[in-house]
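> One structure coming up, written as structure tokens, with questions to follow.
The values are calculated or read from the model by the stated rules, or taken from the named source; none is laboratory data. All values reported here derive from a predicted model rather than from experimental measurement. When we count neighbours, we look across all protein chains shown, and the Cβ atoms used for this are built from the backbone with ideal geometry, even at glycine. Each accessible area value is taken on the protein alone, full model and side chains, heavy atoms only, with ligands, DNA and RNA left out. Shrake-Rupley method; radii C 1.70, N 1.55, O 1.52, S 1.80 Å.
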Amino acid sequence: MNSGMQEMERVIFEYLDKFKVLISPQTWENLLMDCSKNEVFVMLLLYRRGQVNMTQIAEYIQVPLNTATGVVARMEKRSLLQRSRSEEDKRVVTIQMTETGMECIKSILGEFFHYGQIILNKLTPQELQMGVQILDKAMSALDEEYERAREKTKENKVRKIPIE
């Protein structure tokens, strides 16, 4: 491994060691109510949109519809959300957060805002502006990589069968 990679590895592990207290199970187990990543993203979607249908959930968390249905069913059993029939079209089922789910997502967001404010209080306006520019650039690079990987996956799925 070259020295640049070793230094990057050292820095990454140094920051992970500092963050481990914030991401430890003891810190988050009550806050997240044992929610999976997909369940947290479903709650964030519902928090922002109010109510959605199953197709919107599946697209948002990028899973097949049957997987999204299982995620929603587990969340419904824990009273984090509820399904109901649309008044306009009884065939359409909408999903919205319950009061318990809303309290849970507000707790999660509150924790993020708390730690975010601690960080922001240490930054000057110039440092904050530079940080936002760096994050934008990093996200742009990750978006490009994601698109390349998606295109490669599409190419691998399309199999050409020679016809003779």
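> Let me cross-check Thr55: its accessible surface, 1.4 Å probe, with only protein heavy atoms counted, in Å² to the nearest 10?
Surface open to solvent at Thr55 totals about 70 Å².
> Okay, next question. Can you give the accessible area of Phe13, probe radius 1.4 Å, in Å² rounded to 10?
So the heavy atoms of Phe13 present about 110 Å² to solvent.
> Another one. For the full complex of protein chains and a 1.4 angstrom probe, list Glu9, Glu88 by accessible area with the highest value first.
Accessible-area ranking of Glu9, Glu88, largest first: Glu88, Glu9.
> Need one word for segment 91-142: rounded, prolate or oblate. Basis is the Cα gyration tensor (sqrt eigenvalues a ≥ b ≥ c); a/c below 1.5 gives rounded, then a/b vs b/c decides.
Oblate is the answer for segment 91-142, as a/c is 1.5 or above yet b/c matches or exceeds a/b.
> Just subtract the alpha-carbon distance of Glu127 and Met102 from 0.36 nm times their residue separation and send over the number in nm, one decimal.
So the chain would gain 5.6 nm between Glu127 and Met102.
> Compare the peptides 99-109, 126-136 by average per-residue count of other Cβ atoms within 10 angstrom and give them in order, highest first.
My ranking of the peptides, most packed first, is 99-109, 126-136.
> Hey, if you drop one equal point scatterer on each alpha-carbon of segment 35-164 and run the Debye formula without solvent, what base-10 log of I(q)/I(0) do you get at q = 0.10, 0.12 Å⁻¹?
-0.53, -0.71
> For segment 58-66, what does the Karplus curve 6.51 cos²θ - 1.76 cosθ + 1.60, with θ = phi - 60°, yield as ³J(HN,Hα) per residue in whole Hz, taken in order and with x for Gly and Pro?
Taking θ as phi minus 60°, the curve returns 4, 5, 5, 8, 6, 9, x, 4, 5 Hz for segment 58-66.
> Taking the simple approach of a point 7 Å from Cα along Cα-to-Cβ for both Asn53 and Lys37, what is their distance in nm?
My value for the distance between the label points is 2.8 nm.
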